[in-house]
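Peer 1: Pasting a structure here, questions to come.
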Amino acid sequence: MVSLEPRGTRSTLYSYLSPVIAIVLTLAAGIVIFSAMGKPPMQALYVFFVQPLTTAYGATELVVKATPLVLIAVGLSLGFRSNVWNIGAEGQFTVGAIFGGGLAIYFHDSESILLLPGTLVAGIVGGMAWAAIPAWLRTRFNANEILTSLMLTYVAILALSYLVHGPWRDPDGFNFPESRVFPDAGIMPVLFEDSRLHLGAVFALAIVLVGWTLLSRAVIGFQLRVVGAAPAAARYGGFREKRLIWFSLLLSGGLAGLAGISEVAGPIGQLLPTISPGYGFTAIIVAFLGRLHPVGVLFAGLIMALSYIGGETAQIELGLPAAVTGLFQGVLLFFLLGADVLINYRIRFGRARVPQGGAR
Amino acid sequence: MPIQKCVGPRLAQEMGLKPIEQNNQGKNGLDSPLLTLDGVVKRFPGCLANDNVDLVVRKGEIRALLGENGAGKSTLVKIIYGLLAADEGRITWRGEPVTIEGPAVARDMGIAMVFQHFSLFETMTVLENILLAMPKGTSPAELRERVVRISRDYGLPLDPGRHVHTMSVGERQRIEIVRCLLLDPSLLILDEPTSVLTPQEAISLFSTLRQIAREGRAILYISHKLEEVKALCHTATVLRAGRVVAECNPSETSARAMAELMIGDRPQSAERGDDERSGQIRLTVKGLTLAAADQFGTDLQDISFGVAEGEILGIAGVAGNGQRELMEALSGEGPALEDPHAILIEGAAAGQLGPAARRRLGAAFVPEERIDHGSVQNMTLSENAFLTAFRRLGLTRLGLIDRPRTRGYARQVIDGFDVRASGTEAEARSLSGGNLQKFIVGREILQEPRILVIAQPTWGVDAGAAAAIHQALIDLARRGCSVLVISQDLDEIFAICDRIAVLSDGKLSEPRPIQAVSVDEVGLLMGGLHDMAAIPEAGGREASLG
């Protein structure tokens, strides 16, 4: 018989080992899935997880995909640590793109060097504004931010769709639902020739460092950790819960907005009806896979980015459906949550017995 | 090998105890051991909870299991009750080697246990709660009859139809005891049963336990209260750091000697200064009325008192009479009060201020719950020092934690209060209850507050730590701080307080000088009037405990 036995104390070893276990199990599940789909499993795994990294372009694409994931997930991690569950980063990402993109479209003739910074700030403000709605509903009416932030995501996506189909449609665009292409002064500079790697990657790295400092050194980060670990102790310490809810949501919303504007002012270059393959949702997995720590999030972001690129390669090379990306991401989260049980419990085979007369 | 002081086959005879044999299994009468533990070892990660423990329990015997917090008492009885498996050692029951695979097996063997924390459904009646623990198909009518009979026979008054949430803690404990007695156990284990009782309730529990023992049942009684053990128990096994350090006859051993055995060196009783000061009133509570936050809470009704400079005021009372609500109102963790002037800290209206603002006015607080309220378990001691001290002591720089100074303060608390920890970076959860409490109390005291409000300062803390905390509170008051102690431990209040008031059912009695009241008066106030009739021979705690 197999049973779970409480460890008594959290295992630090397993809190780091659990993501590794989850990744190994996900690969094992991949073999089963590919076999079931009639593809040679080893070759499929190679195409999915290794082949994208064999070229320099593939490696830079990995960073391009990881950039929005890391930006969003750092913000989410800090919020999740304080038990503020912002599930609507996808919406804040979208509104960030709308705000920043709107500015770039309005000044489409501009050559000012202030346009890009202005666009980025507008994107951050957009994300914060969208996150402020759940924050206000939560602190004013105690409405659950999981539901409100998630539902607002769909509002944001529909708003973007309305804008690119209607008022912001490119007048020279042959009626395609697309905005004007942003002027050069509103486009993120590329870091390497012939790649799509842009300034956003630098922001992501900087945000990792800022997030790390905030979490481990700053008073506000300390307060977030205390609220999450022991809400009663936070009240006792005199930390204002509402202030921390506002802070968590504005921070994660602002970073999601920055990710959104970096994406449309970066690789995309204009507003489209669909600007994200679900970065805002995938970032939730990234946050947990990275153990809600900014440095962990950096690595987890790269891993999840690989699943996007691998999914694309697999579509081209093996003719697998696009859904296989989401499937792998879901399987990984599933195994991660399962493996996390080992942090607090150990597996026991058979029943423990009192050894007879072993003492003397 | 453990020190065997005065082991007792002879002991029961010395006590003049003649248990009634109810079955024929005990061929050798008194001398046949019911339960024998032989070299029991239990290891937990990072600690040896039981180290080669030997224990013999005989029929009709009330055996005390004495020890400080963390001495391994609870682990040992959990092994006996089948909740934990021993790593090594042998258990013998009625002469047969046994493996106790779980509580169900233990109950079938005839072992029953009353836990410190009850497992009762508050919204159900007494009978329904008992029925849940019975085998399926038990007839409620028949069970009701048995419950009534047992509660009458053993002096445990219980109304089977009452809902549990209307009952006091003492009454709830009776349900648990009746539930055990229904199983007709040969061995009854009680874990710190009096920690939640008024003195009168404790006396009535003792007479029930004596009767149970007279029937030939054995009782294993876990406690760290020496006077109780002297009054009730025939034999005592003393545990220290997981080992049996002595066995003794409590009626012949002085409380002081037993305390020494328990903690290894001489505990110092706290010394109280004689000088009575009545200076400026630092903390004033005036007409504090507050509706309870939830349906099982207690409303506070028109509470008024003041604590003067240099004074320790004790608020006695059984938990659940408004202590939690009063503490939250005082610390600012509860909702803001309607009248900001209901609480004055150093003369400033504080009724609508949060905890941080009240600290800024010079107040400090120690909540009843150490774990994840007074401290954060998964954080280091320096982080826990930062938790309440950073504003008053300025442990920040430009919004960042000033780590060297924070560590320095944690070190100061650890050294000043003799906290046993591996260092300032040890996590709070690695500390024993007593050490963590010393750390929390020390953290507040070393901020030199002008007012300290402390709830249950030594609840579940061993004698050595309790004495240190008491002394620290007295010293703090001597330096001019106003100290308010909310406690259900009367011995504690009588040991350190200058004045005492009793909180019962949300109402506070008039504070009176400690010399002017007796333990009995306070006990009766604590119990509330409705319980008075139920207390047999309310004659005197001294007589029965002496």
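Peer 1: Heavy-atom accessible area of A:H108 with all protein chains present, probe 1.4 Å, nearest 10 Å²?
Peer 2: Approximately 60 Å² of A:H108 is accessible to the 1.4 Å probe.
Peer 1: How many percent of Cα pairs in region B:369-448 exceed 15 Å?
Peer 2: More than 15 Å apart: 47 percent of the Cα pairs in region B:369-448.
Peer 1: In the structure displayed, which of A:K242/B:K438; B:K286/B:K507; B:K78/B:K438; B:K59/B:K230 lie more than 23 Å apart, Cα to Cα?
Peer 2: Violating the 23 Å limit, Cα to Cα: A:K242/B:K438; B:K78/B:K438.
Peer 1: Just need log10 I(q)/I(0) for region B:301-387 at q = 0.17 Å⁻¹, Debye formula, equal scatterers on the alpha-carbon atoms, no solvent, rounded to two decimals.
Peer 2: Each listed q maps to, in turn, -0.84.
Peer 1: Next question, about the same structure. With heavy atoms of protein chains only and a 1.4 Å probe, what residues of region B:360-404 have at least 40 Å² less accessible area in the full set of chains than alone?
Peer 2: Residues of region B:360-404 that lose at least 40 Å² of accessible area once the other chains are added: B:D372, B:H373, B:V376, B:M379, B:E383, B:L387, B:L400, B:I401, B:R403.
Peer 1: Give me the distance in nm between label points sitting 7 Å out from Cα along the Cα-to-Cβ direction at B:S119 and B:D153, one decimal.
Peer 2: With each label point 7 Å from Cα toward Cβ, the separation is 2.5 nm.
Peer 1: OK, next. Give me log10 I(q)/I(0) at q = 0.07 Å⁻¹ for region A:40-319, Debye formula, one equal scatterer per alpha-carbon, no solvent.
Peer 2: Debye output, listed in q order: -0.26.
Peer 1: How many percent of DSSP beta bridges within chain B run antiparallel, rounded to 5?
Peer 2: Restricted to chain B, the bridges split so that about 55 percent are antiparallel.
Peer 1: What number comes out for accessible area per residue over region B:333-479 if the probe is 1.4 Å? Units Å², please.
Peer 2: 37
Peer 1: Obtain the nm distance between the two label points defined at A:A59 and A:V2 by a simple spin-label model: each point lies 7 Å from its Cα along the Cα-to-C-beta direction.
Peer 2: Result for the modelled spin labels: 4.0 nm.
Peer 1: Could I ask something else about it? Given points 7 Å out from each Cα along the Cα-Cβ axis, report the A:I146 to B:A133 separation in nanometres with one decimal.
Peer 2: Placing both labels 7 Å beyond Cα along the Cβ direction yields 3.5 nm.
Peer 1: Please work out the C-alpha center-to-center distance from region A:307-331 to region B:371-447 and express it in whole Å.
Peer 2: 50
Peer 1: Can you compute the FRET efficiency between B:E227 and B:L143 using 1/(1 + (r/R0)^6), with r the Cβ-Cβ distance and R0 = 51 Å? Round to the nearest 0.05.
Peer 2: Taking R0 as 51 Å, the efficiency between B:E227 and B:L143 is 0.85.
Peer 1: Report in % the part of the accessible area of the protein assembly as shown that belongs to carbon and sulfur, leaving out ligands and nucleic acids; probe 1.4 Å.
Peer 2: Carbon plus sulfur share of accessible area: 58 percent.
Peer 1: Hey, what did chain A get for relative contact order, percent, Cα under 8 Å, at least 6 apart?
Peer 2: About 35 percent, as a whole number.
Peer 1: Using a 1.4 angstrom probe on the protein heavy atoms only, line up A:F349, A:F141 by accessible area, largest first.
Peer 2: A:F349, A:F141
Peer 1: Order A:I87, A:I113 by their accessible area, 1.4 angstrom probe, all chains in place, largest first.
Peer 2: The ordering from most to least exposed comes out as A:I113, A:I87.
Peer 1: Rounded to the nearest 500 deg cm²/dmol, what is the calculated helix-only ellipticity per residue at 222 nm for the protein assembly as shown, with -39500 (n - 2.57) per DSSP H run of length n ≥ 4?
Peer 2: -15000 deg cm²/dmol
Peer 1: Sticking to Cα atoms, compute the Rg of the protein assembly as shown to one decimal and its Dmax as the biggest Cα-Cα distance, whole number, in Å.
Peer 2: Spelled out, the Cα radius of gyration and Dmax of the protein assembly as shown are 33.2, 109 Å.
Peer 1: Next question, about the same structure. Counting protein heavy atoms only and a 1.4 angstrom probe, how many square angstrom of accessible surface do chains A and B bury in total, to the nearest 100?
Peer 2: When A and B are taken together, about 3100 Å² of accessible area is lost.
The values are calculated or read from the model by the stated rules, or taken from the named source; none is laboratory data. What you see is a predicted model; the values in this text were computed from it and never measured. Methodologically, a virtual Cβ is constructed for each residue, glycine included, from the backbone with ideal geometry; neighbour enumeration extends over all protein chains shown. Only protein heavy atoms, including side chains, enter the accessible area calculation; ligands, DNA and RNA are left aside. Shrake-Rupley method; radii C 1.70, N 1.55, O 1.52, S 1.80 Å.
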